[in-house]
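Values in this text are rule-based calculations from the coordinates and carry no lab data. What you see is a predicted model; the values in this text were computed from it and never measured. Here Cβ is always computed from backbone atoms with ideal geometry, including for glycine, and neighbour counts include all displayed protein chains.
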């Protein structure tokens, strides 16, 4: 066991981990922050996406020990300071971009990373960016719509589909 | 104008806030004090004699609490099957035992052999690797038709063969059906495969068992669509725990699609083991484990024949299907290819003579059971493919051929044992044609051609039987359980209320839509209504959520309970206003006396019920809490018409969905936003089946598609924006909300239009010999079809 320290959602945290402990395990079991989900074991599904030093990372493929001193942001850190839903979260609710909620944390974290790099993505750009995030419930229609709405684009034409 | 609350409003989902902020509570988020972890050692061969399981080295590994093998479960029941099918000779199906851990033999890759309970999941996994197995491998039974040949290796030595049942439906009709074929002017025949799928909810299964030594109470936390069914099956048939000493909790569940209906061995194991080791025991499935343990879906091999007279009227349908059961009978497996498949073979058409034969077969593969649609997609696919093929052979428009044969008068008794209460197939087809600009297709095709692509359009209809199910009917058909639903409405003194429902929500948004119904009935804000589900300790006995039944059956129970509440509240209001009960009206949350200006608010009445100082105690009890159980008297019959346009790259065979339109008749709709979301998700699963997904076994029974790198899940760029409409609606005639259910329609209705569209594109491009390609229509399969 080795101690590792990092910042999660602005809060300094530390814990003893094995060499094989994944960031997803460190967050879920070590920190009891269970918003980050694990939906596969081959880094395909994207339910576990968090931000590490501002970049979207699949936390099931990052070793906790490699992240000494890192700044980590998870779904628990995405709401506004007053506790209200952030812009992307609110767009997901407004446009029914989630059903069972299991892939949702990863979707929101990926969407945030996309919009940081590409503030006005086209529908096709959203779809291609989400290649690493699988949703089984929504058929993606309302996820894509929510992300485009969160970027400030008019989605009323999509609503008419 | 759209409503802003109540029935018919697109109320935003209240459950979203917790899911969007990481505050959901899924089963894997539950850790109990002192919890141990189990890792299952699973068979890596498909079939073999289990000669020895040596756990001695593993037992000495760090952190190991105890190792269980099949020997620990001698005298413990296996997981039961909940439906018995009677074969065409009147004999019961063959029904093998399904032990918690393998005894004597392993029967599929994934069959659990031993279970290591340890202090950490890593220690459990490490120790499982140290267990020494001695297995004499046997030939694997994989191909269904080979499995039922004389002399085939048997999956179960104690059964007479690998044939579970040979079902004829309706057997007495067969001579008339054969005669219709003799007399036919044209017969179209199609042989096809309905590909095997893995349901793949994004949340893998999890089970946590807990045992209280002081009270002898057992608790199971599990990823289930129906916690009461699990409590009944596991308590009564497996572990012998009376229901009052067993609690089953299914908290937030991350999707199910059928795969979380069934009672799995892991649930029984953790409950059993927790009592043995006196610690909570937790199991979390990996995705790889999910592929080899979650029940698969579909897997039919079918020959269908359609007879037509000289005027192109359908006169007969005859089918023969081999349906894979896998190695054991999962909870509802026998009912899927029979009562959820044969009964839908009439589709939307008035075909007078129908005969369905299904041979259910045991193989050395993962058990097969319900997956979104469950039997109805298989019926729809073969019927809508053979109708399309017939239109092509006859040189008639496929839409006109369908229209000509539509059922137009309701109620309609089909020749396959069900009675459609209502429908308007012309209505949904007309709506579909408004949505798809069929006249513009040639121009779009020309544009595709200019880009070197082949374009095609496919259309199909579907019907499904939902709102499962009338208990008396399914009892006659072999169900070993009732299929009613329940609700308790508990009104609080200050007027807010809680509905405890036997239904379960795992993505469907019941906490929002159910509240809309009750709030609308009473005339109070939706936020005054809380929906509680998923815990046998605080919900009435209910059968759970599957078969698009929640609003039609569970919602109806809730309406009945709310009606009882309103009736009692009116008595209280009459007393408070010193008026006759018959004169009391409830509107917008207030009771008034007809023809007067007297009124009392909802909250005044509820307070009086719990503070009964001025109260008719001699006539009615204090309090305001009512329970209702609702058993429907028929299925509901959602139906619709779907259309798909595809482009094919002739150089690669890759199919791209250019547009997809769905016109559904769901009867009345509670929350249009949620209903449309259900359709979107179903469409993506149906398109996934048509183009991408396939569970593949090699001849040794090794699963070749056991991860997301091998099993192609639909991604965001595989599907288009969908056009959906549910305005052509004929309300259900026999439930109080007039609702039909919408959960499965998309997955049932979409595969045939995709395949019809691909065949259309290839035919238009001159590949006239291509009349069918089996799903999934991968680039390799489409390209190969074009080369012949």
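Between the stretch A:30-109 and the stretch B:153-170, the C-alpha centres lie 48 angstrom from each other. With the biggest extent put first, the Cα atoms of the stretch A:2-75 measure 28, 24, 19 Å across the principal axes. The stretch between residue B:498 and residue B:178 holds 109.6 nm of extra length on full extension. This uses 0.36 nm per residue minus the Cα-Cα distance.
If you take the beta carbon distance between residue B:185 and residue B:426 as r and set R0 to 22 Å, what does 1/(1 + (r/R0)^6) give as a FRET efficiency, to the nearest 0.05? Step by step, r from the Cβ atoms, then E = 0.35. If one puts a single equal scatterer on every Cα of the stretch B:194-270 and applies the Debye formula without solvent, what log₁₀ I(q)/I(0) results at q = 0.25 Å⁻¹? Normalising to I(0) and taking log10 leaves -1.16.
To check you understand DSSP bridge types, tell me what percent of the beta bridges within the stretch B:396-542 (both residues inside) are antiparallel, rounded to 5.
That works out to approximately 65 percent antiparallel.
The tail of the calculated P(r) for the stretch A:1-153, taken as Cα-Cα distances beyond 20 Å, holds 46 percent of the pairs. Separation of the stretch B:72-86 from the stretch B:437-474 is 42 Å, based on Cα centroids. Distance between the C-alpha centers of the stretch B:620-647 and the stretch B:235-292? Whole Å please. With the stretch B:620-647 and the stretch B:235-292 each reduced to a Cα centre, they are spaced 28 Å. Once the Cα-Cα distance is subtracted from the 0.36 nm per residue extended length, the residue B:651 to residue B:278 segment shows a gain of 128.0 nm.
For A:98, A:115, B:394, the sequence from fewest to most other C-beta atoms within 10 Å is B:394, A:115, A:98.
Over chain A, DSSP H runs of length four or greater, each weighted -39,500 (n - 2.57), average out per residue to a 222 nm ellipticity of -7500 deg cm²/dmol.
Please grab the % of Cα pairs in the stretch B:625-716 that end up more than 21 Å from each other. Kindly include the intermediate steps, with their values, before the conclusion.
On the way: 2376 of 4186 pairs.
Beyond 21 Å sits 57 percent of the P(r) for the stretch B:625-716.
The Rg/Rh ratio for chain B, using Cα coordinates for both the radius of gyration and the Kirkwood hydrodynamic radius, is 0.99.
How would you rank A:24, A:5, going from fewest to most other Cβ atoms within 10 Å of each one's own Cβ?
Numbers: A:24 22, A:5 12.
In increasing order of surrounding Cβ atoms, one gets A:5, A:24.
DSSP bridge analysis restricted to chain B gives an antiparallel fraction near 80%, rounded to the nearest 5. Counting beta carbons within 10 Å around each of B:461, A:135 and listing the fewest first gives the order B:461, A:135.
For the stretch A:87-159, count all C-alpha to C-alpha pairs, find those more than 17 Å apart, and express that count as a whole percent of the total. Looking at the stretch A:87-159, the distances longer than 17 Å represent 30 percent of pairs.
Full extension of the chain segment joining residue B:52 with residue B:613 gains 194.6 nm, where the gain is 0.36 nm per residue of separation less the Cα-Cα distance. Taking a point 7 Å out from the Cα of residue B:733 in the direction of its Cβ, the residues of the stretch B:636-668 whose backbone N falls within less than 20 Å of it are B:636-640, B:665-668.
Here the protein assembly as shown yields Rg over Rh of 0.97, to two decimals, using C-alpha coordinates and the Kirkwood radius. To check you understand DSSP bridge types, tell me what percent of the beta bridges within the stretch A:2-75 (both residues inside) are antiparallel, rounded to 5. Approximately 90 percent, going by the DSSP bridge assignments. Each stretch of four or more DSSP H residues adds -39500 (n - 2.57); spread over every residue of chain B, this sum gives -8000 deg cm²/dmol at 222 nm.
The mean of 1/r over all distinct Cα pairs in the stretch B:513-623, once inverted, gives the Kirkwood hydrodynamic radius of 15.4 Å.
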